[in-house]
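The values are calculated or read from the model by the stated rules, or taken from the named source; none is laboratory data. What you see is a predicted model, and the numbers here were worked out from it, not measured in a lab. Here the Cβ positions follow ideal geometry from the backbone for every residue, glycine too, while neighbour counts run over all protein chains shown.
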Amino acid sequence: MGLNRYNKYYIKTSCKSIEMKLTTFTESALGTLVYLGRHHHRMVTIDEIFAQHAASRSLLTKVIQQLGIDGWIIATRGCKGGLRLAHEPHNIALGAVVRDNEPNFHMAECFHSESNACRISSDCLLKGVLGGATEAFLAVLDALTLADLLLDGQPRRLWPYALVLLAGLPALVSWGLGVSWTIAMPELRGFNFIGGLTLSPEYFALLVALVTYTSAFIAEIVRSGIQAVSRGQWDAAMALGLRRSFVLRHIVMPQALRVIIPPMTSQYLNLTKNSSLAVAIGYQDIVSIANTTLNQTGQAIEAIALIMLVFLTISLGISLFMNWYNARLAMVER
């Protein structure tokens, strides 16, 4: 055993060093998809693929043919033809591509049931350990998509989008509604305070009730989603020396989100509908205002239709966004 130039251990035998690596076929398939992803706005010719890879033309021809059979790329014939991706880059899971192109993931002789000649297979736990390590390896690839390989190694910064969503959107809505931005400190004048912000008891009671009730269901959904991931994923990742934060972010959560998102959508829709219970505690929400309008004008159809339109718009907006996010996280199979 020794160290290579990357300061990683390798096993040295009398013949050669044995290294765990992907086949040249799989490596060429991933490289082809990366090149097509970087030029997704146009058709790419086969000659361009040949010029970008050191592999033989015959091997690359087989790779392109297999990618077309698996449904990852689309080949168009003719003078204006070429190659292009069959899916958006964020919908192509690396784990699915590797599984389609690797012949097997047999880490040791005991994985071959037909040619296994090991005499201690029945009492050896090595197969389970290596199997768990292989699952963790594939889980990392399942959590990544082709879009992650098109960033030139630069990590994505999500905080600007979160800042815009949390601060910019409310500021834009308040500006559109003409809300005053004058800061007024509360002052005691007479028997009451003047200025500042006022939080009514009805709104506070509604906020606490909805947050407490809904958060209990959401916490259970998140817990069940994380526990749905096999314990072997954690054990294999820990055996590889990965940090728990890295394991949770790159291995467990990408798989758990595929279980969490669908029931989470239902909880967000329930939260929207449960907000109409504010009328029971005297808070003036849209249902209470519509009821007051109905009693004063007698236009029941218009008032009920307005309530339906508002809740339908909010519900459809939540459903469209959550379905888009769920489709983005879904692993595309061939």
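Per-structure values
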item	result
Test: residue in region 215-238 that is touching a residue at least 40 places away in the same chain (Cβ under 8 Å), under 30 Å from Val179 (Cα atoms) and out of contact with any strand residue (DSSP E or B) (no Cβ under 6 Å at 6 or more places or on another chain)	no
Filter result for the condition that a residue is under 30 Å from Thr76 (Cα atoms), crowded, with 17+ Cβ neighbours inside 10 Å, modelled with pLDDT of 65 or more and in the same structural domain as Met43 (by TED's automatic domain parsing), over Ala93, Ala139	Ala93
Flag if Ile183 is assigned by TED's automatic domain parsing to the domain that holds Asp285, over 26 Å from Val279 (Cα atoms) and either touching a helix residue (DSSP H, G or I) at 6+ places or on another chain (Cβ under 8 Å) or among the aliphatic types (A, V, I, L, M) (or both)	no
Pairs where the first residue, in region 52-66, is at negative phi and the second is outside any helix (DSSP H, G or I) and not β-branched (Val, Ile, Thr), C-beta under 6 Å, 6+ apart	Leu60/His53
Flag if His41 is at pLDDT 80 or above, out of contact with any strand residue (DSSP E or B) (no Cβ under 8 Å at 6 or more places or on another chain), part of a loop (DSSP other than H, G, I, E, B) and not assigned by TED's automatic domain parsing to the domain that holds Ile251	no
Among (1) within 26 Å of Phe204 (Cβ to Cβ); (2) surrounded by 14 or more Cβ atoms within 10 Å (Cβ to Cβ); (3) of a type in the set (A, V, I, L, M), the one test that Ala280 misses	(2)
